[in-house]
Amino acid sequence: MTKEQIQEFTLRTTQENHSGLILVLTDIVRVYMSEALSFYKEGNADEYFRSVELCKRALNELIDCFNPGDLLAYRVVSILRFIYDKLVMSAVRGVPQELDRCASMLDNLRIGFVKLHEIDTDGPVMKNTHQVYAGLTYGKGYLNESVGDTSKRGFTA
(Lines give C-alpha, C1' and ligand atoms only; values in the text may rest on other atoms or scores of the structure.)
Protein backbone atom coordinates (compact mmCIF):
# COMPACT_ATOMS: atom_id res chain seq x y z
CA MET A 1 0.00 0.00 0.00
CA THR A 2 1.39 3.38 -0.96
CA LYS A 3 1.82 6.28 1.44
CA GLU A 4 -0.91 8.19 -0.39
CA GLN A 5 -3.35 5.32 0.10
CA ILE A 6 -2.45 5.09 3.79
CA GLN A 7 -3.06 8.82 4.20
CA GLU A 8 -6.37 8.58 2.36
CA PHE A 9 -7.56 5.67 4.50
CA THR A 10 -6.43 7.44 7.66
CA LEU A 11 -8.33 10.58 6.70
CA ARG A 12 -11.44 8.61 5.80
CA THR A 13 -11.26 6.68 9.08
CA THR A 14 -11.27 9.85 11.17
CA GLN A 15 -14.26 11.34 9.33
CA GLU A 16 -16.60 8.34 8.82
CA ASN A 17 -19.50 6.88 10.74
CA HIS A 18 -19.89 3.14 11.38
CA SER A 19 -21.09 2.24 7.89
CA GLY A 20 -18.33 4.40 6.43
CA LEU A 21 -15.75 2.47 8.44
CA ILE A 22 -17.10 -0.74 6.92
CA LEU A 23 -16.49 0.78 3.48
CA VAL A 24 -12.98 1.85 4.45
CA LEU A 25 -12.12 -1.64 5.72
CA THR A 26 -13.61 -3.19 2.58
CA ASP A 27 -11.40 -0.95 0.45
CA ILE A 28 -8.33 -1.81 2.52
CA VAL A 29 -8.99 -5.55 2.14
CA ARG A 30 -9.46 -5.06 -1.60
CA VAL A 31 -6.16 -3.17 -1.95
CA TYR A 32 -4.23 -5.86 -0.06
CA MET A 33 -5.89 -8.60 -2.10
CA SER A 34 -4.97 -6.85 -5.36
CA GLU A 35 -1.40 -6.40 -4.13
CA ALA A 36 -1.18 -10.09 -3.21
CA LEU A 37 -2.30 -11.12 -6.69
CA SER A 38 0.15 -8.75 -8.38
CA PHE A 39 3.06 -9.89 -6.18
CA TYR A 40 2.24 -13.50 -6.99
CA LYS A 41 2.27 -12.75 -10.72
CA GLU A 42 5.63 -10.99 -10.31
CA GLY A 43 7.05 -13.99 -8.44
CA ASN A 44 7.75 -12.00 -5.26
CA ALA A 45 6.86 -14.63 -2.64
CA ASP A 46 7.82 -12.62 0.46
CA GLU A 47 5.62 -9.67 -0.47
CA TYR A 48 2.85 -12.05 -1.55
CA PHE A 49 2.75 -13.69 1.89
CA ARG A 50 2.99 -10.29 3.60
CA SER A 51 0.04 -8.95 1.58
CA VAL A 52 -2.05 -12.04 2.29
CA GLU A 53 -1.33 -11.67 6.02
CA LEU A 54 -2.27 -7.97 6.00
CA CYS A 55 -5.41 -8.82 4.05
CA LYS A 56 -6.36 -11.42 6.66
CA ARG A 57 -5.88 -8.90 9.47
CA ALA A 58 -8.00 -6.27 7.76
CA LEU A 59 -10.68 -8.86 6.99
CA ASN A 60 -10.80 -9.86 10.67
CA GLU A 61 -11.41 -6.22 11.57
CA LEU A 62 -14.18 -6.07 8.98
CA ILE A 63 -15.81 -9.23 10.36
CA ASP A 64 -15.72 -7.73 13.88
CA CYS A 65 -17.79 -4.76 12.67
CA PHE A 66 -20.92 -6.87 12.28
CA ASN A 67 -23.40 -8.00 14.93
CA PRO A 68 -23.54 -11.81 14.75
CA GLY A 69 -27.06 -11.80 16.22
CA ASP A 70 -28.55 -10.10 13.13
CA LEU A 71 -29.58 -12.51 10.38
CA LEU A 72 -28.41 -10.32 7.49
CA ALA A 73 -25.10 -9.60 9.25
CA TYR A 74 -24.69 -13.33 9.85
CA ARG A 75 -24.99 -13.97 6.11
CA VAL A 76 -22.49 -11.22 5.28
CA VAL A 77 -20.07 -12.58 7.88
CA SER A 78 -20.45 -16.05 6.35
CA ILE A 79 -19.30 -14.67 3.00
CA LEU A 80 -16.42 -12.81 4.66
CA ARG A 81 -15.36 -15.99 6.49
CA PHE A 82 -15.39 -17.87 3.19
CA ILE A 83 -13.02 -15.23 1.81
CA TYR A 84 -10.89 -15.53 4.95
CA ASP A 85 -10.67 -19.31 4.48
CA LYS A 86 -9.48 -18.78 0.91
CA LEU A 87 -6.82 -16.36 2.20
CA VAL A 88 -5.64 -18.95 4.72
CA MET A 89 -5.42 -21.58 1.99
CA SER A 90 -3.55 -19.08 -0.20
CA ALA A 91 -1.00 -18.58 2.55
CA VAL A 92 -0.63 -22.29 3.29
CA ARG A 93 -0.31 -23.44 -0.30
CA GLY A 94 1.64 -20.43 -1.52
CA VAL A 95 -0.66 -19.83 -4.49
CA PRO A 96 -3.81 -17.72 -4.76
CA GLN A 97 -6.82 -19.88 -4.02
CA GLU A 98 -9.63 -18.23 -5.99
CA LEU A 99 -8.58 -14.75 -4.82
CA ASP A 100 -9.91 -13.23 -8.03
CA ARG A 101 -13.31 -14.75 -7.25
CA CYS A 102 -13.07 -13.51 -3.67
CA ALA A 103 -12.25 -10.01 -4.93
CA SER A 104 -15.37 -10.14 -7.09
CA MET A 105 -17.45 -11.23 -4.09
CA LEU A 106 -16.01 -8.39 -2.04
CA ASP A 107 -16.83 -5.90 -4.81
CA ASN A 108 -20.44 -7.15 -4.83
CA LEU A 109 -20.66 -6.75 -1.05
CA ARG A 110 -19.24 -3.25 -1.34
CA ILE A 111 -22.18 -2.22 -3.53
CA GLY A 112 -24.52 -3.09 -0.66
CA PHE A 113 -22.27 -1.34 1.85
CA VAL A 114 -22.41 1.83 -0.26
CA LYS A 115 -26.23 1.72 -0.24
CA LEU A 116 -26.16 1.23 3.52
CA HIS A 117 -23.79 4.16 3.93
CA GLU A 118 -26.08 6.41 1.87
CA ILE A 119 -28.97 5.91 4.30
CA ASP A 120 -26.87 6.03 7.47
CA THR A 121 -27.21 9.46 9.10
CA ASP A 122 -25.11 8.88 12.21
CA GLY A 123 -22.20 11.16 12.98
CA PRO A 124 -18.54 10.22 12.85
CA VAL A 125 -17.43 7.41 15.14
CA MET A 126 -14.26 9.21 16.16
CA LYS A 127 -14.96 12.28 18.23
CA ASN A 128 -12.57 15.13 18.95
CA THR A 129 -10.55 14.74 15.74
CA HIS A 130 -9.15 17.42 13.49
CA GLN A 131 -11.54 18.77 10.89
CA VAL A 132 -9.79 18.60 7.52
CA TYR A 133 -10.58 21.08 4.78
CA ALA A 134 -9.39 20.70 1.22
CA GLY A 135 -8.60 23.93 -0.52
CA LEU A 136 -7.34 25.02 -3.86
CA THR A 137 -3.82 26.05 -2.97
CA TYR A 138 -0.67 25.60 -4.92
CA GLY A 139 1.04 22.26 -4.57
CA LYS A 140 3.11 20.26 -6.98
CA GLY A 141 0.71 17.66 -8.34
CA TYR A 142 -1.54 17.42 -5.29
CA LEU A 143 -4.27 19.19 -3.37
CA ASN A 144 -3.17 20.81 -0.12
CA GLU A 145 -5.28 20.10 2.94
CA SER A 146 -5.36 22.17 6.08
CA VAL A 147 -6.41 21.23 9.57
CA GLY A 148 -9.11 23.31 11.24
CA ASP A 149 -9.35 24.67 14.77
CA THR A 150 -7.69 22.36 17.31
CA SER A 151 -8.37 24.46 20.40
CA LYS A 152 -11.22 22.18 21.54
CA ARG A 153 -9.04 19.08 21.82
CA GLY A 154 -7.83 17.53 25.05
CA PHE A 155 -8.49 18.69 28.59
CA THR A 156 -8.93 22.25 29.76
CA ALA A 157 -8.26 23.45 33.27
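The values are calculated or read from the model by the stated rules, or taken from the named source; none is laboratory data. What you see is a predicted model, and the numbers here were worked out from it, not measured in a lab. Virtual Cβ from ideal backbone geometry, glycine too; neighbours counted across all protein chains shown.
The single condition from (1) assigned to a loop (DSSP other than H, G, I, E, B); (2) among the small types (G, A, S); (3) modelled with pLDDT of 90 or more that A157 fails is (3). Summed over region 1-56, residues that are surrounded by fewer than 17 Cβ atoms within 10 Å (Cβ to Cβ) and within 16 Å of Y84 (Cβ to Cβ) total 2. Among residues of region 45-72 that are over 12 Å from L25 (Cα atoms) and free of Cβ contacts under 8 Å to residues at least 40 places away in the same chain, none has a beta-carbon under 8 Å from a residue that is β-branched (V, I, T) and surrounded by fewer than 18 Cβ atoms within 10 Å (Cβ to Cβ) at least six positions away or on a different chain. The helices (runs of 4 or more DSSP H) falling completely within region 1-109 that include 1 or more residues that are farther than 21 Å from T121 by Cα and touching a Phe, Trp or Tyr at 6+ places or on another chain (Cβ under 8 Å) map to 18-42, 45-64, 71-93.
Within region 82-106, the set of residues being among the basic types (K, R) and surrounded by 15 or more Cβ atoms within 10 Å (Cβ to Cβ) comprises K86 only.
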